[in-house]
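Just so you know, all these numbers are worked out from the coordinates, no wet-lab data involved. Remember, predicted model here, so these are calculated numbers, not experimental data. Cβ atoms come from the backbone with ideal geometry, glycine included; neighbour counts cover every protein chain shown.
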Amino acid sequence: MSEVIYDTIIIGGGPAGAAATVYAARKKLKALLITSDFGGQSAVSSDIENWIGEENITGLELAKRLEKHVRRQHEIEVKMPEKVAAVAMNEGPNCIFEVHTDKGDTYRSKTLIIASGARRRRLNVPGENKFDGKGVAFCSTCDAPLFQDLEVAVVGGGNSALETVIDLLSYAKKIYLLIRQEEMTGDPITQEKVTKSPQVGIVKNAEVQEIIGDQMVTGLRYKDRKTHEVKELKVEGVFVGIGSVPNSDFIKNLVQTNENREIVINHLTAQTSKKGIFAAGDVTDDPFKQNNISAGDGVRAALSAYNYILNTKKYSPCAEKEE
């Protein structure tokens, strides 16, 4: 265990974690950033059009810029690649948190900023695991070129699925977009790009039941949620784009989470239910999962952590009743 006690430990290298790190440095906090990589979920995006100040930027370039900005803060320590496995808190009056990583290291801090983001949600249907990498894919930026001149299905009606369809337009011969509801929920501009393409066929009220195949994917079965009829669609690839799951497992025993496993925060301060722990970005219950919002939330969390540290010089926070 390290003998150093940090002012704050920031967990995650996406827009929220990077912004929190930069602002922690500006407040001259003794800070440590722990992350498996930089960029968050957007690192695999081929074209980001809404990052403020950039008309177009790839996810990879955004990740590089975030890392470069963080590493310019020379007083900040960065542990990468490293992943947090668990967090504990001492029983004394000073609220010292212990962060345990997958490398067997333990770091201690007065505050935590959880910016661990989210991971891609799975369908959890028969065949999904069996054909993962054999026709089932989750990252269109990574895998779209593998489906050149093939017919594929994209599952989902939000931005994740719509962006997947757009990535596939340059490669796939035919793209079937399967949505559970009557209408898509993604951004109107992105919807327009998808619906205008003659390559795209939209299947509404479709609930995927099974992904089928032999050595590789040959199709899928879905239930029409209106008629309850089970139908089969012949495709050679299935892209899953149904959103994400918060990376909150390592902290759920210390802070309140909701039914979606998102960390519940005070949206004025980024404070969680546990004094000294703040959270920002896609891991929280903020309804708007956007890079720009995550960055702002990271700034808020860092400034709140700084104010919290100033106040702890006047009293013992762990002696206080939890909010």
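Of note:
- Inter-label distance, Leu310 to Asp187: 3.6 nm, where each label sits 7 Å from its Cα along the C-beta direction.
- For the chain, the Kirkwood hydrodynamic radius from C-alpha pairs, put into Stokes-Einstein at 25 °C and a viscosity of 0.890 mPa s, yields a diffusion coefficient of 117 µm² per second.
- FRET efficiency, Gln199 to Glu98 (Cβ-Cβ, R0 51 Å, nearest 0.05): 0.45
- Helix 15-26 axis, angle to the chain major axis (alpha carbon atoms, nearest 10°): 20
- Euclidean distance between Cα centres, region 99-113 to region 238-316, Å: 17
- Backbone HN-Hα couplings from phi across region 302-308 [Karplus 6.51/-1.76/1.60, Hz, Gly and Pro as x]: 5, 5, 5, 5, 4, 5, 4
- Relative contact order for region 1-62: 28 percent, from Cα pairs under 8 Å spaced at least 6 residues apart, divided by residue count.
- Using C-alpha pairs under 8 Å with a sequence gap of at least 6, the mean separation divided by the residue count of the chain gives a relative contact order of 20 percent.
- Zero-based 10 Å bins, Cα pair distances in region 136-240, whole percents: 16, 51, 30, 3
- In Hz, Karplus ³J(HN,Hα) per residue of region 5-11 (6.51, -1.76, 1.60; θ = phi - 60°; x = Gly, Pro): 10, 7, 5, 8, 10, 9, 10
- Remark: for residue pairs Lys28/Lys68; Lys173/Lys231; Lys30/Lys289; Lys79/Lys110; Lys204/Lys234; Lys27/Lys252, the C-alpha separation exceeds 23 Å in Lys30/Lys289; Lys27/Lys252.
- Charge context of Tyr23, other residues only, Cβ under 12 angstrom, K/R +1, D/E -1: +3
- Axis of helix 159-168 versus longest Cα principal axis of the chain: the two differ by about 50°, to the nearest ten degrees.
- The HN-Hα couplings worked out from phi for region 249-258 by the Karplus form 6.51 cos²θ - 1.76 cosθ + 1.60 (θ = phi - 60°) are 4, 6, 10, 5, 7, 10, 10, 6, 10, 9 Hz, whole numbers, x standing for Gly and Pro.
- The stretch between Glu3 and Thr227, if pulled fully straight at 0.36 nm per residue, gains 74.3 nm over its current Cα-Cα span.
- Only Cα pairs under 8 Å and 6+ residues apart enter the sum, and on that basis the relative contact order of region 200-250 stands at 26 percent.
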